[in-house]
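In what follows, a single structure is set out as structure tokens and then discussed.
What follows draws every value from the coordinates through simple rules; no lab data is involved. As the structure is a computational prediction, the values presented were derived from the model and not from experiment. Don't worry about glycine lacking a Cβ; one is built from the backbone with ideal geometry, like all the others, and counts go over all protein chains shown.
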Amino acid sequence: MKYTQKTFDKAEAVLSQRRKDSAADLERRRKRVYAEMPEVKTLENKIQSSYFELVKLVANHEPNAKSAAEIVRDNNLATQARITMLVKNLTGDADYLKPRFVCEKCRDTGYVEGVRCSCFEDLLRTYAAEELNESSTIALRDFAEYRPDFYPEGDPRKHMNQIYSYLLKYCREFPRGTRPMLFIGRTGLGKTFLASCMAKKLASDGFSVAIGSVSDFMRKIEDEHFGRSEGNTLDTLLQADFVIIDDLGSEFSSPFYEAAFYSVINGRINQKKPTVITTNLTKAELNNKYNERICTRLLNEFLPIQFVGNDIRQQKMENRLTKSQRKV
């Protein structure tokens, strides 16, 4: 996958900081051991000195260099065994003086045998999604902001409370048992709001999340495809742990947009990566607007979540108007 330099720089900065933190942590542990068990440092110095002496023997082509090397090796193994015993007796951990890394596989270098480590790829995906989200007009919200009183009492409120509870549970258990969802309903019913709550929760839990309108995503993919801008939005949407595509149906219709949109949803379904799509269109309107391949995916693979109630934006506007009139 192609990433921008900005994304690479952020990911590499994290790896660099991890290595610095590892070195600082190791130094802190060494100082503790040296202070409480000075013999350890003396033994380590003994091992280091023996290597220097061995190098001199080899450099001077001494005839007994080979036998001397064997003696040094055996002595150093015995010395190291004593160091390990002393450290374990002191700390309870025989590996206390070994470096500790966030990723033991690559030792926080980002590479294993010249190939990018999975930890580096995870960072790149996260920062690629964040970079994509920087241009999103959708503000991330919190589940705590949910207001059931915006929905009519009775069945509508009960239904929306059930949706709220389901989405909260979905995020808490993510990615176990998750599936793509299609939020359906008229404008102003809270589809984008609850989707953005999911985005904030999952991002705060360390998952890579991309959120934006279908128009913005498709336009970016088109611009990058034809070399008008840098980046790889298509791959970012395919690789992110969780993607929210908002306001399906509002985008300009074109063969390129339809092909790009299908590539995103089909690719994510095939990889079993969860996606949320919001739309103001009914199922019948979706069938009329999109081709059979897209509709088959949307209506058969996505779990439909029907939003109900009255326009919340209108209610908020009326509430603000009422408050201002009271002040007058």
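What to note about this one:
- All aspartates and glutamates inside 14 Å of residue 66 as judged from Cα atoms, apart from same-chain residues fewer than 8 positions distant: 53, 74
- Sorting 61, 159 by the number of Cβ atoms found within 10 Å of their own Cβ, with the fewest placed first, yields 61, 159.
- Shape index of segment 135-317: Rg/Rh, with Rg the Cα radius of gyration and Rh the Kirkwood radius from the inverse mean 1/r over Cα pairs, equals 0.95.
- Dipole size of the chain about its Cα centre, with +1 on Lys/Arg Cβ and -1 on Asp/Glu Cβ: approximately 880 debye, rounded to the nearest 20.
- Dimensionless Rg ratio for segment 161-206, taking C-alpha atoms and the 2.2 N^0.38 Å reference: 1.15
- Listed residues 319, 305, 284: farthest to the positive end of the dipole of the chain (Cβ charges): 319
- CD proxy at 222 nm, helix term only [per DSSP H run n ≥ 4: -39500 (n - 2.57); per residue of the chain; nearest 500]: -20000 deg cm²/dmol
- For a 4.7 Å threshold on C-beta separation, the list of partnerless cysteines in the chain reads 171, 197, 295.
- Working from Cα pairs under 8 Å separated by at least six residues, relative contact order for the chain is 20 percent.
- Computed over the chain with a Gaussian network model linking Cα atoms closer than 10 Å, the most mobile of 60, 288, 76 is 60.
- Net dipole in debye of segment 5-112 [+1 Lys, Arg Cβ; -1 Asp, Glu Cβ; about Cα centre; nearest 20]: 320
- Fully extending the segment from residue 5 to residue 36, taken as 0.36 nm per residue of separation minus the present Cα-Cα distance, adds 6.5 nm.
- Gain on full stretching of the segment that runs from residue 230 to residue 262 - 0.36 nm per residue minus C-alpha separation: 9.3 nm
- The chain shape via C-alpha gyration tensor axes, a/c threshold 1.5: prolate
- Dimensions (Å) - segment 5-112, Cα atoms, principal axes, largest first: 57, 36, 20
- Ranked by how many other beta carbons lie within 10 Å on average, peptides 51-57, 290-296 from highest: 290-296, 51-57
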